[in-house]
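The values are calculated or read from the model by the stated rules, or taken from the named source; none is laboratory data. Since the structure is predicted, the reported quantities are computational estimates derived from the model, not experimental observations. Every residue, glycine as well, gets a Cβ built from its backbone with ideal geometry; the counts of neighbours run over all protein chains shown.
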Amino acid sequence: MPELELNFEVNGRTVAKRINPGLRLLDVLRDDLNMTGTKEGCGAGECGTCSVFVDGKLVKSCLMPAAKAEGTRIETVEGLARPGDLTVIQRAFYKTGASQCGYCIPGMVMAATSALRDNPDAGHEEIKERMGGNICRCTGYTKIIEAVELARDVIAGRMSPAALEADAVGESYIGNSVRRIDAPAKVAGRLKYAGDMIMPDMLHMAVLRSPHPHAEIVSMDTSAARAMPGVECVITSEDVPGVDGFGVFVHDQPIMARGKVRYVGEAVAAVAATDERSARRALAGIKVTYRELPGLFDAADALAPGAPVLHDYAPDNIVKHIPLRKGNIEAGFAAADLILEENFSTQQVEHAYLEPEAGIAYVDHDDVVTVISPSQNITHHRHMLAAIIDRPIQKVRFIMSPVGGGFGGKEDMIYQGMLALAAMQTHKPVRIVFTREESIVSTAKRHPSRSKVRMGLTRAGRITAMEFDMLSDGGAYGMSSEGVMRKAAILSCGPYEIDNLKVDTTVVYTNNTPSGAFRSFGGMQVQFATESMVDMAAEKLGLDPFEIRRRNMMKPGSLTHTQQKLGTASLGMVLDAAEKGSRWEAGAPTVRGATRGDTHGAGTREPCKLGERFAAGPETKERVA
C-alpha cells in the first residue's frame with residue numbers, strides 16, 4: 001500500500017510525515033511522534049483515554065483515520081502547558097488527588113479543558129455530563145469532578161489561585177492530606193507506562209491464541225511464519241529451556257500451551273517482528289492442528305463422576321478445598337429457634353483496568369534477562385522466571401513499570417515469560433501490548449461462586465450455628481485460587497462471634513477463562529451471602545438490621561472463626577458511623593412487593609445445583625422452634 005504524505009500542526013509545530021494510510025491518528029501521535037500522553041485504553045472510542053483536540057474540538061483519536069488530520073491543528077495533553085508547568089486544571093487535579101493509577105487522567109484533563117473552554121461557568125451537572133465520555137476504574141469520579149469545579153472557580157476568579165497550593169502537613173503525615181509524588185507527571189501525560197516505552201532496535205510481539213476451550217495440539221508448523229519479512233523469531237513451548245510451569249500456588253500453567261489447550265484465548269505461539277503489523281500478519285502463517293476434547297464449563301460438572309480430567313495431578317478436578325471447623329455444629333443448630341437456609345451465586349467479573357497488559361524484555365550487557373512490566377507480584381515473578389528460563393536468580397531482573405490499574409488482575413505472570421524467551425533468542429528488546437480484546441479473553445477474572453448457607457439463630461437474634469459451603473470456578477489454571485479460597489473461608493461467616501461453624505470452600509478446574517485475584521478476593525463472594533443472610537434473619541425475627549449485627553459482632557476478647565483471640569475490634573464504631581451517616585430509621589425492615597429470586601448487589605439469591613455434595617433444596621428453608 002503506497003504511503004500517504006501527511007501535513008498538520010501538533011502543539012504549535014508543523015509536522016510532515018509519510019504514513020501508512022491505514023493508521024489512526026492515535027497511532028501517528030504515539031508511534032511516530034512519541035506523544036504517549038495520549039493513551040489507548042479500548043481502541044473503540046469508549047474510554048476517552050485517547051482524547052485530543054482537532055481544530056479546537058475534542059476528538060477520540062482512536063476513531064479518527066490519520067489521513068483526516070491533513071491540514072488540521074492538533075493539541076495533545078503535552079501541549080496544554082509549557083514543559084515543567086501545569087495548567088490550572090492540571091493543578092486542580094493534582095490538588096484534589098484526582099489521579100490514582102493515572103492512566104485515564106490525561107484524557108480526563110483534556111475533557112475537563114474542553115468543558116471549561118466551551119463554558120467557563122459550567123455547573124455540576126454539566127461538568128458530569130461533559131466528563132461522561134471518559135472512564136476511570138480507580139477513583140469513583142468524585143475527586144475528578146471536584147477538581148474540575150475547583151479549576152472553574154479559580155479561572156472565574158471566585159477562588160484565589162492559592163486554593164491550588166498544597167495543604168500544610170503539620171507535624172505528622174497521619175491524618176493529613178498528602179499529595180501524590182507522581183501526580184504532576186500523571187496530569188501532564190509525562191509518566192511512561194510499559195506500553196509507552198520504546199528502546200533502540202525494539203521488536204514487537206503478537207500472540208497466537210487457542211480458538212478451542214479444550215483440545216489436544218496434534219501438530220504445529222511455524223516454518224511459514226518464520227520465513228515472513230520482518231519476523232525475527234517464533235517461539236512455542238518447545239523453546240522453554242527450564243521448568244515449563246508457573247503459578248502463584250501450584251505451578252500448573254505453561255508459558256504457552258504444551259500438548260493441549262485448556263481455554264479459549266490461551267497462548268499457543270508468539271511472534272517477534274520488526275513492527276506490530278508484521279508480527280500479527282505472521283500469526284496467520286502458523287498452522288496448528290487440534291483434536292477437540294470434551295470440555296467442562298460448569299463448576300458442579302467438574303465434580304461429577306466421570307468428568308474429564310483437566311490436569312493429571314488433580315484427578316478430581318479440585319484445585320483446593322479449605323475446611324474450617326469450630327465448636328459443635330449439630331448442637332448449635334439444635335439450640336436455634338430459627339434456621340434459615342439459602343443459596344447464593346456470584347458471577348465472573350472482568351477487571352477492566354484501563355491500561356492493557358504490556359511489557360518489554362531485553363538482555364542487558366551483563367547477560368541479565370530484564371523484564372519491565374506492571375507486575376503486582378514482582379518478586380515471585382522473578383523467581384518463577386528464573387526457573388523457567390533456567391538462569392540463576394542473579395541473572396534475572398524485574399522492573400515494575402507504573403500500573404495503570406490492576407485490582408489484582410496483574411498479579412499473575414501471563415506474558416512476561418514469552419517476552420523473556422523472545423529477547424533471549426533475538427538479543428533485542430521485545431515489547432508486547434495487548435489489545436482490549438486480548439486482555440478480556442486471556443486474563444484472569446473474579447471467581448464465579450455458588451454458596452449454600454445455613455444459619456441458626458435464637459429468638460433474640462444470636463447466631464448459634466452457621467454452615468457455609470462454597471464452590472468456585474477456578475477456570476483452566478490455578479493462579480491465585482488457593483489464596484482466594486483461604487480468604488473466603490476465613491471471612492465466610494462475617495465479623496460475627498459464632499461458636500459453632502462448619503465452612504468448606506472449594507475451587508475446581510474448568511475450561512473457562514482462569515480465575516484469579518480481584519479486589520477483596522474471596523471476601524466479596526462470601527460477604528454478599530452472609531450479610532444477605534443476616535438481613536433475612538432480621539426480617540424474620542422482626543429486628544433492626546443494625547441491632548442484630550450488634551448482638552453478634554466480635555468484640556475485644558472474641559475468638560475469630562480460626563480461633564485467634566482479638567485484642568481490639570472496631571465493628572461497633574463502624575456500625576455507629578454507618579447508622580448515623582445513612583440517617584437510618586431504626587426498626588425492623590418492612591418488605592413490600594419482594595419476589596423470590598430478587599437480584600441483590602453483585603450476585604443473585606437463587607437455587608443452584610452444586611453437585612451431590614452441594615445438592616440444592618428449596619430456595620429458602622426455615623424452621624421456627
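Mind checking whether some residue in segment 364-379 is over 30 Å from residue 399 (Cβ atoms), among the small types (Gly, Ala, Ser) and either surrounded by 17 or more Cβ atoms within 10 Å (Cβ to Cβ) or modelled with pLDDT of 95 or more (or both)? Explain how you work it out, then say what you get.
If we filter segment 364-379 for residues that are over 30 Å from residue 399 (Cβ atoms), which is where we start, we get none.
The answer is no; no qualifying residue exists.
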**Item:** Residue that is farthest from residue 133 (Cα to Cα) [pool: residues in segment 150-166 that are under 35 Å from the mean Cα position of the chain (by Cα) and buried (at least 18 other Cβ atoms within 10 Å of the Cβ)]
**Value:** 164
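Residues that are of a type in the set (Gly, Ala, Ser), under 30 Å from residue 320 (Cα atoms) and assigned to a loop (DSSP other than H, G, I, E, B): does segment 208-217 have at least one?
Scanning segment 208-217, I find at least one residue that is of a type in the set (Gly, Ala, Ser), under 30 Å from residue 320 (Cα atoms) and assigned to a loop (DSSP other than H, G, I, E, B), so the answer is yes.
Rundown of residues vs (1) assigned to a loop (DSSP other than H, G, I, E, B); (2) assigned by TED's automatic domain parsing to the domain that holds residue 406, yes/no style:
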position: 301; (1), (2): no, no
position: 304; (1), (2): yes, no
position: 307; (1), (2): yes, no
position: 321; (1), (2): no, no
position: 342; (1), (2): no, no
position: 356; (1), (2): yes, yes
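Per-residue answers, yes or no, for (1) surrounded by 13 or more Cβ atoms within 10 Å (Cβ to Cβ); (2) closer than 30 Å to residue 110 by Cβ:
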position	(1), (2)
181	no, yes
201	no, no
212	yes, no
232	yes, no
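I'm trying to understand the selection: among the residues of segment 468-504, which are of a type in the set (D, E, K, R) and either part of a loop (DSSP other than H, G, I, E, B) or within 12 Å of residue 526 (Cβ to Cβ) (or both)?
Pass one, segment 468-504, residues of a type in the set (D, E, K, R): 469, 473, 482, 486-487, 497, 499, 502, 504.
If the condition is that a residue be of a type in the set (D, E, K, R) and either part of a loop (DSSP other than H, G, I, E, B) or within 12 Å of residue 526 (Cβ to Cβ) (or both), then 469, 486, 487, 497, 499, 504 are the ones that fit.
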**Item:** Tally, over segment 505-562, of residues that are among the aromatic types (Phe, Trp, Tyr), crowded, with 23+ Cβ neighbours inside 10 Å and assigned to a helix (DSSP H, G or I)
**Value:** 0
**Request:** Quick one: which residue in 483, 408 is under 28 Å from residue 314 (Cβ atoms), outside the structural domain of residue 527 (by TED's automatic domain parsing) and within 21 Å of the chain's Cα centre (by Cα)?
**Result:** 408
**Subset of segment 563-577 [in contact (Cβ under 8 Å) with a residue 12 or more places away in the chain and either of a type in the set (Asp, Glu) or surrounded by 13 or more Cβ atoms within 10 Å (Cβ to Cβ) (or both)]** = 566, 569, 571, 572, 575
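Tally the residues that are buried (at least 18 other Cβ atoms within 10 Å of the Cβ) and either free of Cβ contacts under 8 Å to residues at least 12 places away in the same chain or assigned to a loop (DSSP other than H, G, I, E, B) (or both), restricting the search to segment 234-245. First the steps, then the outcome.
Initial filter on segment 234-245 (buried (at least 18 other Cβ atoms within 10 Å of the Cβ)): 234-237, 239-240, 244.
Narrowing the set further to residues that are either free of Cβ contacts under 8 Å to residues at least 12 places away in the same chain or assigned to a loop (DSSP other than H, G, I, E, B) (or both) leaves 236, 240, 244.
Of the residues in segment 234-245, 3 are buried (at least 18 other Cβ atoms within 10 Å of the Cβ) and either free of Cβ contacts under 8 Å to residues at least 12 places away in the same chain or assigned to a loop (DSSP other than H, G, I, E, B) (or both).
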**Request:** Residues being β-branched (Val, Ile, Thr) and either surrounded by 18 or more Cβ atoms within 10 Å (Cβ to Cβ) or in contact with a Gly (Cβ under 9 Å, 6 or more places away or on another chain) (or both): count how many of those fall in segment 271-317.
**Result:** 4
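What about residue 418, is it more than 30 Å from residue 51 (Cα to Cα), surrounded by 21 or more Cβ atoms within 10 Å (Cβ to Cβ), in contact with a helix residue (DSSP H, G or I) (Cβ under 9 Å, 6 or more places away or on another chain) and hydrophobic (A, V, I, L, M, F, W, C)? Break it down into steps so the answer makes sense when it comes.
On the way: more than 30 Å from residue 51 (Cα to Cα): yes; surrounded by 21 or more Cβ atoms within 10 Å (Cβ to Cβ): yes; in contact with a helix residue (DSSP H, G or I) (Cβ under 9 Å, 6 or more places away or on another chain): no; hydrophobic (A, V, I, L, M, F, W, C): yes.
Spelling it out, it is not the case that residue 418 is more than 30 Å from residue 51 (Cα to Cα), surrounded by 21 or more Cβ atoms within 10 Å (Cβ to Cβ), in contact with a helix residue (DSSP H, G or I) (Cβ under 9 Å, 6 or more places away or on another chain) and hydrophobic (A, V, I, L, M, F, W, C).
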**Asked** If you scan segment 46-73, which residues turn out to be crowded, with 17+ Cβ neighbours inside 10 Å and in a loop (DSSP other than H, G, I, E, B)?
**Response** 47, 48, 49, 50, 61, 62, 64, 72
**Request:** Being of a type in the set (A, V, I, L, M, F, W, C), outside any loop (DSSP other than H, G, I, E, B) and closer than 16 Å to residue 385 by Cβ is the filter here, so list the residues in segment 246-261 that pass it.
**Result:** 246
**Request:** Filter segment 139-165 for residues that are modelled with pLDDT under 95 and within 20 Å of residue 352 (Cβ to Cβ) and give the result.
**Result:** 139, 140
**Fill in**
Just one listed residue, out of 387, 336, 358, 331, is touching a strand residue (DSSP E or B) at 6+ places or on another chain (Cβ under 6 Å) and more than 24 Å from residue 135 (Cβ to Cβ), and it is 336
**Prompt:** Take the residues of segment 393-410 that are surrounded by fewer than 21 Cβ atoms within 10 Å (Cβ to Cβ) and without any contact (Cβ under 8 Å) to a residue 40 or more places away in the chain: which is nearest to residue 49 (Cα to Cα)?
**Reply:** 400
